[in-house]
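The values are calculated or read from the model by the stated rules, or taken from the named source; none is laboratory data. Predicted model only: the values in this text are computed from it and were never measured. For neighbour counting, all protein chains shown are included, and Cβ atoms are generated from backbone atoms with ideal geometry for every residue, glycine included. Only protein heavy atoms, including side chains, enter the accessible area calculation; ligands, DNA and RNA are left aside. Shrake-Rupley method; radii C 1.70, N 1.55, O 1.52, S 1.80 Å.
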Amino acid sequence: MKFDFGSLEREFEAEWPVRVSVSKDGGRVLIQEFMIRFRLAPEVELSEFGGSLANVPEALSQVSKALDRVIIGFGKGEQETWSAEMLERMVARPAVRIALVNAY
């Protein structure tokens, strides 16, 4: 498929899977997944975080602020309701925080 140059003039958003690695007894890992709707933020908008979400320091408040700029909400079919409180609860869990950053 050829690149859509018109897309450069529109804000891009997409629903994307977030895969969380959950530690289990015995050294096993269970992968749990949910869908989230992201918007692709211009790098200038994330410049205070080093230009990309990958450069965000691990301070919870910084990660939370950066994710709040790019997450629109849960994807279709998710039963939870998106809110600032939900984001804070998710960011507080290292495995979920890492999964959100990796998905973006």
Checklist line | Members of the range 1-52 that are among the polar types (S, T, N, Q) and either open to solvent by 80 Å² or more (accessible area, probe 1.4 Å) or in contact (Cβ under 8 Å) with a residue 40 or more places away in the chain (or both) | finding: 21, 23, 32
Checklist line | Close pairs (8 angstrom Cβ cut-off, 6 or more residues apart or separate chains): under 23 Å from residue 30 (Cβ atoms) in the range 71-96, among the hydroxyl-bearing types (Ser, Thr, Tyr) and open to solvent by 60 Å² or more (accessible area, probe 1.4 Å) anywhere | finding: 74/81; 95/21; 95/23
